[in-house]
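The values are calculated or read from the model by the stated rules, or taken from the named source; none is laboratory data. As the structure is a prediction and not an experimental result, all values here were calculated from the model. We place every Cβ from the backbone using ideal geometry, glycine too, and count neighbours over all the protein chains shown. With ligands, DNA and RNA removed, areas are computed over all heavy atoms of the protein, side chains included. Shrake-Rupley method; radii C 1.70, N 1.55, O 1.52, S 1.80 Å.
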Amino acid sequence: MSAIAFPTPDAGILARREQILAGLSALVSPGALITSDDERRPYETDALTAYRRMPLAVVLPSTTEEVAAVLRYCGDQGVPVIPRGSGTSLSGGAIPQEDAVVIGVSKMSRILEIDYANRVARVQAGVTNLAVTGAVSAEGFFYAPDPSSQLACSIGGNIGMNSGGAHCLKYGVTTNNVLGVKMVMLDGSIVEIGGGHLDSPGYDLLGLMNGSEGQLGIITEATVRILRSAEGARPVLFGFPTSEQAGAAVAAIIGAGIIPVAMEFMDKPAIEICEAFAKAGYPMDCGALLIIEVEGSDDEMDAQLARIVAIAREHGVTTVKESKSAMEAAAIWKGRKSAFGATGRIADYICMDGTIPTGQLPYVLKRMDEIVKGYGLRVANVFHAGDGNLHPLILYNCNDPVEAQKAEDAGMDILKLCVEVGGCLTGEHGVGIEKRDLMTFQFNPEDLAQQMRVRAVFDERWLLNPAKVFPLEGRVAA
Amino acid sequence: MTIHTPTTEAQACAVVKSVIGSATPLSIRGGGTRAGLGRPAQAASTISSAGLSGITLYEPAEMVIAARAGTPLALVQETLADRGQMLPFEPMDHRALFGSEGEPTIGAIAACNISGPRRVNAGAARDSLIGVRLINGRGEMIKSGGRVMKNVTGLDLVKLVSGSHGTLGFLTEVTFRVLPKPAAIATLQWRGLSDVQGVALLSQALGSPFEPMAAAHLPAGLAGDEALTLLRLENFPDSIEYRAGELALLLGEYGVPDRLEGEHSAGLWRDVRDATFFAGTNEAVWRLSLKPTDGPKAATAIGRMLPGARWFYDWGGGLVWLAMPVDGDAAAVRTALKPLGGHATLVRAPDAVRAAVDVFQPLAEPLMRVTAGIKKSFDPDGIFEPGRMYAGI
């Protein structure tokens, strides 16, 4: 695939490579600067592997001060910078370009402070999402956002993309769970926004940083909310004959005043793929599956489930399967969370991430099927049903360039459909390079110019992650 | 003084365009009940949202409501209540504290990021605000966010606008996510605890699996002669029964709690939400946001420096509402906060005081530079609410 354009590398920067490398090596500890072809190669791309570019160099600082020194140097030299967490972006948010220095925070992976009384943890940006929960789970606490890549993805990357997950229906996304950041600005100044308290003073710069995709600065530390886990949690499988019935059941559950901690939807192709991989015991004779998780004491879960089952029965549910043990519960979630990996076993796929108003679900499912069939391809759907965040997986063969292009075109058509029905291009994966050129479908020129003017306050020369989020044409500096 | 009352977004754009370059800045008015927030306004004319009223979208099954900025908050709340739903963040009503009249608007809730006791668990207004439409200082109609709750498309200008006190633009429409109203509500009340004990109780409860939705401590003399420590449970009745029992057990060392329901419970929380304990006095009123366990430390330090100061705690101790003699030393508040972190906002004081004192916490130099830059990026000519948050911005 080569549909998405990259900026032409700055020949002047490429010509000065040796000099720039020498400058960088003076700023960081030995081993932090990566220059050889072999060692740079893992940083060519992220989880959007169809696109790759070899960066000028990679720096892996160990301290905020090192990040500051490198950023100041790159700013002075006019060298583009690509911030990188763990490189799990599905939208190409961490894909470099030939004239850019990658600054990765993977070595900054320490948990700095856990404060149970105040329910916060202070961590370095390279700590993985799951490691935060791992550090506090013995005391019964957890960190709520849980993207499927949580074993690998970093807190810094989560903030950059404002990551979500399966449980945000109740607990919110990253922006609702981060109370403070330490960050380095392009001029090398180190600032702290927020902290262990609620609601920062002044403009909500913390809110602005969440989802800014590395375009405003580099986050090196974060203070996050940790929450006490419920006494118990139980995922339950609900099989419905059709997607429409499953969708109607979701609306009815919410309408009855019940907010389960998670409501995940899978269509028939997704059920078959995930069951073949995870052996989770998913019912194979239904057209759509909901995984609904309830929380609380055993009695509370029984009571809530009874309410949910009654509603599901009104909507034609054919299978209700409760997890009877922790192992069964884990298997149910394993099937869902490995949906992408399981799909990857049978075909190449691209994963889309649009959000729609949930009332539009039946129409959108039908239209998506038509769109993908129109290109002669197949689609499997998994998504967060409570909040309308879709993840259609378009299956194709990446060795066939024509089919690859068709898959990408089908994906773009689906995202346009999401916007048309009142939704948006991306619910949790970010714009990156993938959806950059569709931004004009969701925003008019004034909307985009206002965003770009805010961006320019932090970086008027477009050095920070420059090829991302905004179309390459018509960029506004100030 | 001119008051512009546009009835369409196009008219509002025209009003803004008409004042560009004329050196007549605009103050923004919703219901006028919170005009005392921030530094005293310095604008010669006013643009009112009174002509932009009405709910534009309500989908109970999608838990989303959108309304024009001038829509009375009460109408939004009644509309939601009719379908068993509510705004998640329990917005404060400033009328008691300011002695103001009029109808609060939904636009001001977004513009000033107004939350209440539920904030500790369910997030602030900014956490539920998912979309805005506003007119920037160039007279352009700008939208950000939308009507879906998961949306990371582009920079989150919704957050920037929320809590900007009108300095970035004139809001015309706002969209919030909403939640089901709980089936039942009950308050557990412990008596006679010290500030430190009270906040320790709240911390322990908020760190338990029993999900208190609000957590406050009222020192003696505010709501009766005894100190009251309050936890509010919201749930299905069977869950409230169970959780109240578990919490009483968990917190047994603090004594046996009273159980309050109905108007007794609701009235107390209304007083906490609206800080009515400080209504009708001429004290200066501050809000301190800090780590919950630092709440009593800050309050005690300030109490030592300013005899006569009174306070209470919301958000599990993390929000200290403080009233002090109006001629008291404002610097003492921020001095007390310095070693602890967090920030302080002067909520109520005569105009002369609010013009002389930093109403909002001063920012570090690089962040102040960013703040000035963001203001300029929305409002290059400084049309909206000049100086409302910081002098010169």
TODO: Would you list the strands (runs of 3 or more DSSP E) that sit entirely within the stretch A:252-343 and hold 3 or more residues that are open to solvent by less than 10 Å² (accessible area, probe 1.4 Å) and either assigned by TED's automatic domain parsing to the domain that holds A:GLY359 or modelled with pLDDT of 90 or more (or both)?
DONE: A:262-267, A:288-295
Open item on the list: Within the stretch B:94-127, take every residue that is within 13 Å of B:LEU37 (Cβ to Cβ) and open to solvent by 20 Å² or more (accessible area, probe 1.4 Å) and give me the one that is nearest to the chain's Cα centre (by Cα).
Closed with: B:ASN113
Task: Subset of the stretch A:163-175 that is in a helix (DSSP H, G or I) and without any contact (Cβ under 8 Å) to a residue 40 or more places away in the chain - its residue that is surrounded by the fewest Cβ atoms within 10 Å (Cβ to Cβ) - done: A:THR175
TODO: Quick one: B:GLY198 ticks every box in (1) open to solvent by 10 Å² or more (accessible area, probe 1.4 Å); (2) more than 21 Å from the chain's Cα centre (by Cα); (3) within 30 Å of B:GLY255 (Cβ to Cβ) except a single one, so which number is it?
DONE: (1)
Task: Residue satisfying all of: in the stretch B:40-76; open to solvent by 30 Å² or more (accessible area, probe 1.4 Å) and of a type in the set (D, E, K, R); nearest to A:LEU169 (Cα to Cα) among these - done: B:GLU59
TODO: Need at least 1 residues that are touching a helix residue (DSSP H, G or I) at 6+ places or on another chain (Cβ under 9 Å) and within 14 Å of another protein chain (Cβ to nearest Cβ) per element, so show me which helices (runs of 4 or more DSSP H) inside the stretch B:323-378 make the cut, counting only ones lying wholly within it.
DONE: B:330-337, B:365-378
Open item on the list: Is it the case, given these coordinates, that A:GLY232 is buried (at least 24 other Cβ atoms within 10 Å of the Cβ) and touching an Asp or Glu at 6+ places or on another chain (Cβ under 8 Å)?
Closed with: no
Open item on the list: On the basis of being in a helix (DSSP H, G or I) and within 14 Å of chain B (Cβ to nearest Cβ), does A:GLY160 make the cut?
Closed with: yes
Task: Tally of residues being touching a strand residue (DSSP E or B) at 6+ places or on another chain (Cβ under 9 Å) and either open to solvent by 20 Å² or more (accessible area, probe 1.4 Å) or of a type outside the set (A, V, I, L, M, F, W, C) (or both) across the stretch A:22-41 - done: 6
Task: Subset tally (residues that are in the same structural domain as B:ALA349 (by TED's automatic domain parsing) and part of a strand (DSSP E or B)) for the stretch B:257-303 - done: 6
TODO: Out of the residues in the stretch A:439-451 that are within 9 Å of chain B (Cβ to nearest Cβ) and closer than 24 Å to A:TYR375 by Cα, state the one that is surrounded by the most Cβ atoms within 10 Å (Cβ to Cβ).
DONE: A:GLN442
- [ ] Output the residues belonging to the stretch A:177-199 that are open to solvent by 20 Å² or more (accessible area, probe 1.4 Å), within 7 Å of another protein chain (Cβ to nearest Cβ) and either without any contact (Cβ under 8 Å) to a residue 12 or more places away in the chain or in contact with a helix residue (DSSP H, G or I) (Cβ under 6 Å, 6 or more places away or on another chain) (or both).
- [x] A:SER189, A:ASP199
Task: Tally of residues being touching a residue at least 60 places away in the same chain (Cβ under 8 Å) and open to solvent by less than 10 Å² (accessible area, probe 1.4 Å) across the stretch B:149-163 - done: 1
Open item on the list: Against the condition open to solvent by less than 30 Å² (accessible area, probe 1.4 Å), away from chain B (no Cβ under 11 Å) and assigned to a helix (DSSP H, G or I), how does A:VAL123 come out, does it pass?
Closed with: no
- [ ] Kindly list the number of the only condition in (1) over 14 Å from B:LEU168 (Cα atoms); (2) open to solvent by 10 Å² or more (accessible area, probe 1.4 Å) that fails for B:PRO386.
- [x] (1)
- [ ] Keeping to the stretch B:253-275, report how many residues are open to solvent by 40 Å² or more (accessible area, probe 1.4 Å) and not aliphatic (A, V, I, L, M).
- [x] 10
Task: Criterion: away from chain A (no Cβ under 14 Å) and either over 18 Å from B:VAL120 (Cβ atoms) or crowded, with 24+ Cβ neighbours inside 10 Å (or both) - qualifying residue of B:ALA184, B:ALA220 - done: B:ALA220
TODO: Please work out if B:ARG310 is within 14 Å of another protein chain (Cβ to nearest Cβ), closer than 27 Å to B:ALA96 by Cα and open to solvent by 20 Å² or more (accessible area, probe 1.4 Å).
DONE: no
Open item on the list: Please determine whether any residue of the stretch A:458-471 is within 12 Å of chain B (Cβ to nearest Cβ) and without any contact (Cβ under 8 Å) to a residue 24 or more places away in the chain.
Closed with: yes
TODO: Name the one entry in A:GLU98, A:GLU113, A:GLU44, A:GLU66 that is more than 14 Å from chain B (Cβ to nearest Cβ), farther than 21 Å from A:THR8 by Cα and surrounded by fewer than 24 Cβ atoms within 10 Å (Cβ to Cβ).
DONE: A:GLU66
Task: Residues that are in contact (Cβ under 8 Å) with a residue 12 or more places away in the chain and more than 9 Å from chain B (Cβ to nearest Cβ), drawn from the stretch A:420-437 - done: A:VAL421, A:GLY432, A:ILE433, A:GLU434, A:ARG436, A:ASP437
Open item on the list: I need the full set of residues from the stretch B:379-393 which are in a loop (DSSP other than H, G, I, E, B) and not charged (D, E, K, R), in order please.
Closed with: B:PRO380, B:GLY382, B:ILE383, B:PRO386, B:GLY387, B:MET389, B:TYR390, B:ALA391, B:GLY392, B:ILE393
Task: Selection count where residues are open to solvent by less than 20 Å² (accessible area, probe 1.4 Å) and among the hydrophobic types (A, V, I, L, M, F, W, C), scope the stretch B:331-358 - done: 8
Open item on the list: I need the full set of residues from the stretch A:154-175 which are modelled with pLDDT of 95 or more and in contact with a strand residue (DSSP E or B) (Cβ under 8 Å, 6 or more places away or on another chain), in order please.
Closed with: A:SER154, A:ILE155, A:GLY156, A:GLY157, A:ILE159, A:GLY160
TODO: Could you please find all residues in the stretch A:1-21 being open to solvent by 70 Å² or more (accessible area, probe 1.4 Å) and within 30 Å of A:ALA410 (Cβ to Cβ)?
DONE: A:SER2, A:THR8
Task: Those residues of the stretch A:137-174 which are hydroxyl-bearing (Ser, Thr, Tyr), closer than 30 Å to A:ILE258 by Cβ and under 12 Å from the mean Cα position of the chain (by Cα), in sequence order - done: A:SER148, A:SER149, A:SER163, A:THR174
- [ ] Tell me which of these B:GLU9 doesn't satisfy, since it passes every other one: (1) surrounded by fewer than 18 Cβ atoms within 10 Å (Cβ to Cβ); (2) free of Cβ contacts under 8 Å to residues at least 60 places away in the same chain.
- [x] (2)
